[in-house]
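> Below is a structure I'd like to ask you about.
The values are calculated or read from the model by the stated rules, or taken from the named source; none is laboratory data. The model shown is predicted, which means the values in this text are computed figures rather than measured ones. Cβ placement follows ideal geometry from the backbone for every residue including glycine, while neighbour counts extend to all protein chains displayed.
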Amino acid sequence: MIHQPLAYLLRPQSLDDYVGQEHILGHHKPLRLALEKGHLHSMILWGPPGAGKTSLAYLIAKCGHAHFEELSAISSGVKEIRELVEKAQTFKHQSFLVFIDEIHRYNKAQQDVLLPYIENGTLTVIGATTENPSFSLNNALLSRMRLYLLRSLDESALSKLLAKALIEIAYRYQKPIDFPESLQRMLILSMDGDARKLLNHLEILINIAEAEKSVVVTSDLLEEVLQGQVKRFDKQGSDFYEQISALHKSIRGSDVDASLYWFCRMIDGGCSPLYIGRRLVRIASEDIGLSDPR
């Protein structure tokens, strides 16, 4: 049995171990060059769940040989920030890095507390958010921090991660893994670009599939584990408007397959059918019109 989550066991130990986000961590990219030289700076990591924000924060601390502290904006506030500032002031010869998960949950007063300590270098802050920083973070905070956009992992990146995970599982179990490539691809395509979801589902799958002498993954077992999957759909975030826009543009462009895809994607993600119905009425009147009413 795996006693520690796969996501923890597979946390990257070097920049070359990190999977995905080549647009900011590829060779000769500014962030990678800075990390290779051990130069740390405060930043916002904006991206969807499972894009690798937390893993990247840990890796940045390691590259910069920094002391690492972690806060969740859901369960912390001004008191916890001030306690960390007092602790940071005792570190004279080492960078003090604070990773704040869900930083968009902080209100204006809580965000403002960070400003002087980022300004004078007492804290190096890495904030992770799934929300558009322009809407959820103060301009004063954004002006003091670099913004990096992390993208959902593509099929190639998830394939690399899955291959690493299977090697780790085979080592832990000391058993051969029988997981056909066709079923691996089915698992990957069901994960919506979310690395954490991939590893969590793989862990469940392997634990169920474990037999006496080997680990055998069958199509029936995979379908059972994947039952009830929902696609990402944020009713208040930018994903919502991007998907509605995609539906509009697909219908306007007479792309039947794309129109059906975005319609089903929103329904699958939990969007109200009544809302989509109202949108379709608007599309019929505004985008299609009455050029041929018969």
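Residues checked against (1) within 20 Å of SER152 (Cβ to Cβ); (2) out of contact with any Phe, Trp or Tyr (no Cβ under 6 Å at 6 or more places or on another chain); (3) polar (S, T, N, Q):
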site: TYR241; (1), (2), (3): yes, yes, no
site: HIS248; (1), (2), (3): no, yes, no
site: ILE251; (1), (2), (3): no, yes, no
site: VAL256; (1), (2), (3): no, yes, no
site: CYS264; (1), (2), (3): yes, yes, no
site: GLY270; (1), (2), (3): yes, no, no
site: ARG278; (1), (2), (3): no, yes, no
site: ARG282; (1), (2), (3): no, yes, no
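> Have a look at LEU141, LEU183 and point out the one that is in the same structural domain as GLU80 (by TED's automatic domain parsing), surrounded by 15 or more Cβ atoms within 10 Å (Cβ to Cβ) and not acidic (Asp, Glu).
Testing whether each residue is in the same structural domain as GLU80 (by TED's automatic domain parsing), surrounded by 15 or more Cβ atoms within 10 Å (Cβ to Cβ) and not acidic (Asp, Glu) leaves just LEU141.
> With the requirement that a residue be at pLDDT 90 or above and of a type in the set (Lys, Arg), what does the stretch 171-185 give you?
ARG185
> Moving on. Show me the helices (runs of 4 or more DSSP H) found entirely inside the stretch 30-134 where at least 1 residues are touching a residue at least 60 places away in the same chain (Cβ under 8 Å).
30-36, 53-63, 108-119
> Quick check on my filter: what residues within the stretch 144-166 are closer than 16 Å to PRO12 by Cα and exposed (fewer than 14 other Cβ atoms within 10 Å of the Cβ)?
Within the stretch 144-166, LYS160, ALA163 meet the criteria.
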